[in-house]
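The values are calculated or read from the model by the stated rules, or taken from the named source; none is laboratory data. Keep in mind it's a predicted model, so treat the numbers as computed, not measured. Methodologically, a virtual Cβ is constructed for each residue, glycine included, from the backbone with ideal geometry; neighbour enumeration extends over all protein chains shown. When the accessible area is computed, the model is the full protein with side chains, heavy atoms only, and any ligands, DNA or RNA have been set aside. Shrake-Rupley method; radii C 1.70, N 1.55, O 1.52, S 1.80 Å.
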Amino acid sequence: MRVYLPATIAMLRDLERNGEFRARSGTAFALTPALREAYASGSDEELEYAALLDAARASLRLIAAEEKGEWRRAVVSADVEDATLRPDLDAAVVRLAGPVPAALIAAIHVDAAEAEDAVAAAAAVIDAADLGDEDAEFALGDAEDHELAWYGLQELPFLLELL
C-alpha cells in the first residue's frame, strides 16, 4: 500500500542520518476504502492525491509543534505492507507499526521556497481552521495553493544542503 507520511524538514534530516523514517504516532495517509467511499467519484490517482494533501495538512501541524520553525511542508511517500486502517480517525488515516526503511520510500515531496510565508501563516492558525475560523481557513488555502515539489530519495542530501 502506498502511504503518505507527514513530515518536517527536521524529520527529513533524521531520515538522511538514520536511513529510516519514523512517522509521528505511526500516522500516515493512504487511499483506503473509507476514503474511496467519501468521494462520489475520482480515479485512483485523484484519490491518492487527496491522501497526499491530507498528509501535507498534517505536516502543518507538525511544523506548528516544532520549536525551530522551518516553514516548508514535507510528505514522504512509501510502499508498505503493514498499515492498519483507522477510519475512526479519518477516512484516509492508517497507522504503521514501526519505522519505514529507506528502501521502501518512493518519493519525498517538499514545498519550494516561495511557499514559506504562506506555510508559516497556515501553521500559526491550523487549530483555528479546524475549529471553523474562516480567516484561518483562508490562510490554510493560501499554503495549500502551493504544489509540493517531487524528489527522489537519492536527491535528499542535495535538497537538505540547499535549505
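The table below gives the values:
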{"read-out": "Heavy-atom surface of the chain, accessible at 1.4 Å and reported per residue (Å²)", "value": "52 Å²"}
{"read-out": "The chain: relative contact order as a whole-number percent, Cα under 8 Å and 6+ apart", "value": "27 percent"}
{"read-out": "Whether the stretch 1-121 is rounded, prolate or oblate, judged on the alpha carbon gyration tensor where a/c under 1.5 counts as rounded", "value": "oblate"}
{"read-out": "Within the accessible area of the chain (1.4 Å probe), percent carbon and sulfur", "value": "50 percent"}
{"read-out": "Residues GLU134 and ALA40, FRET efficiency given R0 of 25 Å [Cβ-Cβ distance, rounded to 0.05]", "value": "0.50"}
{"read-out": "Built amide H within the under 5 Å cut-off of ALA91, gap 5+", "value": "none"}
{"read-out": "Extension reserve of the GLU67-ASP14 stretch, reckoned as 0.36 nm per residue once the Cα distance is removed", "value": "17.5 nm"}
{"read-out": "Within the stretch 1-110, GluC sites (Glu not before Pro) in DSSP loop having at most 10 other beta-carbon neighbours inside 10 Å", "value": "GLU67, GLU81"}
